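Working notes for the structure below.
What follows is calculated from the coordinates using simple rules that are stated; it is not laboratory data. Everything numeric in this text was worked out from a predicted model, so none of it was measured. Glycine gets a Cβ as well: all are built from the backbone with ideal geometry, and neighbour counts include every protein chain shown.
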Amino acid sequence: MKRMLWVYLIMSCCATFITPLFPLYSEHYQMNSLQITILFAVYAAILLPTLLVVGAKGSAWGLKRVLRSSIWISIASTLLFLGSFDVWMLYAARILEGIAYGSFTGTAAAFLIKQISPNKVSTAIKLSGATVLIGFGLGPAIAGLILQYLHLQPLRVPYWFLLVMLITSLVILETLPKHEDSLMQKPAKTKISLGVPNSIRSHFWSFVALPIFTVFTIQGIALSLIPSFIRNVIHTSNLAFSGIIVLLLLGGGALAQFVPWPRHPVSRMRFGILLLAIGSWGIVFSGLTANLFLVWASIFIQAIGGGWTFQVALRFASQLPKPEERPRVISAFYLCAYSGFIIPPIGVGVLTQFFSLNFSLIILNLFAALIVIYVLIYSVRFNRYYSKVTDEENQAKNEKTLSSKEAAASFETVPGTETSNQRTTLSYAEKNADFDFRKAIQEIKRGTLHPKASLEHGDRIMNDREFREVLRTVIKNGKIPEADEPMDD
């Protein structure tokens with residue numbers, strides 16, 4: 001899991017790495033504000049359809065193959081930035097980066113889930129979400145530090161660092177096993193859609209999609225204000241400051257996810273999205289008043305709110321669907337998130353044709369505030385639904401635990417006194433438990449398990465022939481422990 005999270009981190013860094021270079025490109029190529037806006041928006045505009053298509057087709061194409069291709073495309077984008085000498089090359093590089101990160105996001109969650117045991121899925125999803133936010137903040141911070149303190153080819157040198165990072169992620173990816181589905185398990189045809197099941201559709205759109213869309217919209221508003229903060233509030237031309245502020249805003253949100261209170265996810269969502277709105281308004285007013293304390297306080301509040309909202313929305317996206325539906329629902333989650341990144345640049349670009357920048361940002365904040373109010377109202381209905389779901393899950397877990405204990409008790413007998421039922425059946429009550437063949441072989445050697453037993457393996461029954469084939473393979477390919485060796489419980 002750690003190696004895959006490193007790949008997550010590098011690809012997320014790559015997605016936002018260019019942010020501190022926008023002012024330099026504007027000056028070097030004499031680009032106006034509309035051209036810079038398009039350079040920002042074209043990335044998200046290409047990313048969204050790519051994520052939609054790859055999220056639906058990625059498993060059929062091969063998850064690791066798609067991930068490998070996404071890193072190579074990102075490397076190609078970096079090389080294009082590195083050798084750029086005209087504006088069109090910047091747009092081409094951004095389009096390639098949109099394809100790369102869309103492909104990566106569409107398959108990374110599914111691939112990560114296949115690398116770990118089922119009981120660690122929730123932890124892995126949580127860590128992947130935090131890693132994405134840290135990467136989004138770390139990319140601009142690294143680029144800003146390089147620009148400010150190296151003083152060497154500012155439009156070239158940062159990309160050499162990024163190129164090395166991408167190559168390391170490619171090497172690490174190759175060390176991970178494929179865990180691909182067999183041809184029999186792969187669907188022949190997969191419809192290109194968001195993949196949200198009908199059973200959770202209304203809850204997903206109202207309490208997962210809208211909150212994460214709002215997070216990225218409000219964070220996008222804050223990111224669009226950072227250059228003016230640097231000039232008018234902090235009064236510095238230090239290029240590293242913009243990257244540091246982005247790191248505090250997004251990386252701080254990732255760290256806030258590890259704060260244990262409030263524990264209940266619905267309450268955490270309510271507090272999170274409320275803090276997100278308060279911080280957003282604070283940032284807008286700090287730009288109007290040039291108040292430095294208000295800037296930092298608002299960034300701190302918004303970081304906590306954004307981190308909590310992101311965490312809980314991702315948790316629901318992975319918890320509400322069935323296990324086989326989870327990867328596509330998570331892809332839909334990220335699709336909604338990155339849609340929010342399009343609103344600030346396009347909205348500001350359109351509104352500033354008629355109003356001032358500050359008034360345009362106030363309008364966008366009012367739009368986000370309406371969504372926040374709706375989510376808070378809907379949380380009452382969702383809380384009833386979530387309580388019912390968690391009660392059913394807890395009841396099912398208790399039943400499994402009880403039956404597992406009963407099954408274990410039925411085998412606690414003195415050797416030589418077992419009943420025929422005990423000698424011919426081995427039952428694992430947990431639905432997704434992996435069968436411990438080493439333990440079974442030891443039981444066979446002791447005489448407490450018949451080698452022709454019918455075995456419950458995961459969620460299916462292994463018949464006698466299947467078990468004999470597996471047993472023969474184990475005997476052929478591996479050393480069988482002696483009966484007196486200790487067993488791994």
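Between V350, A368, S318, the Cα set farthest toward the positive side of the dipole of the stretch 278-384 (charges on each charged residue's Cβ, about the Cα centre) is that of S318.
Report the extension gain between L288 and K178 in nm, rounded to one decimal, defined as 0.36 nm multiplied by the number of residues separating them, less their alpha carbon distance.
On the way: separation 110, 0.36 × 110 = 39.60 nm, distance 5.25 nm.
Gain in length upon complete extension: 34.3 nm.
Computed from the mean reciprocal separation of all distinct C-alpha pairs, what Kirkwood hydrodynamic radius does the stretch 80-154 have, in Å? After inverting the mean inverse Cα-Cα distance, the result is 15.2 Å. Here r is the Cβ-Cβ distance between F355 and W72 and R0 is 45 Å; the resulting FRET efficiency, rounded to 0.05, is 0.55. Stretching F258 away from I167 to a fully extended chain increases their span by 29.7 nm, per 0.36 nm per residue minus the current alpha-carbon distance. With both labels modelled 7 Å from their Cα along Cα-to-Cβ, the R381 to W88 distance reads 5.1 nm.
What FRET efficiency comes out for L34 versus Q395 if R0 is 60 angstrom and r is the Cβ-Cβ distance? Round to the nearest 0.05. Each step should come with its number before you reach the end.
Details: r = 58 Å, r/R0 = 0.96.
Using R0 = 60 Å, I get an efficiency of 0.55.
Converting phi to 3J(HN,Hα) with the Karplus coefficients 6.51, -1.76 and 1.60 and the offset θ = phi - 60°, the stretch 279-293 yields x, 5, 5, x, 5, 4, 6, 5, x, 6, 9, 6, 9, 5, 4 Hz in sequence order, with x at every glycine or proline. As a calculated quantity, the FRET efficiency between K322 and L24 at R0 = 51 Å, using C-beta atoms, amounts to about 0.60.
Take each of the peptides 151-163, 102-114, 320-332, average the number of other beta-carbon atoms within 10 Å over its residues, and list them starting from the highest.
On the way: 151-163: 16.3, 102-114: 25.5, 320-332: 19.4.
Highest mean packing first, the order is 102-114, 320-332, 151-163.
When the listed pairs K57/K120; K126/K388; K2/K126; K2/K114 are checked against a 21 Å cut-off, the alpha-carbon distance exceeds it for K57/K120; K126/K388. If you wrap the stretch 279-337 in the convex hull of its Cα atoms and look at it from every side, the mean projected area works out to 4.4 nm².
Each peptide in 243-250, 260-267, 60-67 was scored by the mean count of other Cβ atoms within 10 Å over its residues; highest first, the order is 243-250, 60-67, 260-267.
Give the residue list of chymotrypsin sites (Phe, Trp or Tyr not before Pro) in the stretch 235-298 that are DSSP loop and have at most 16 other beta-carbon atoms within 10 angstrom. Numbers along the way, then the final one.
Details: sites: F241, F258, F271, W281, F285, F293, W296; in loops: F258.
Sparse-neighbourhood loop chymotrypsin sites (Phe, Trp or Tyr not before Pro): F258.
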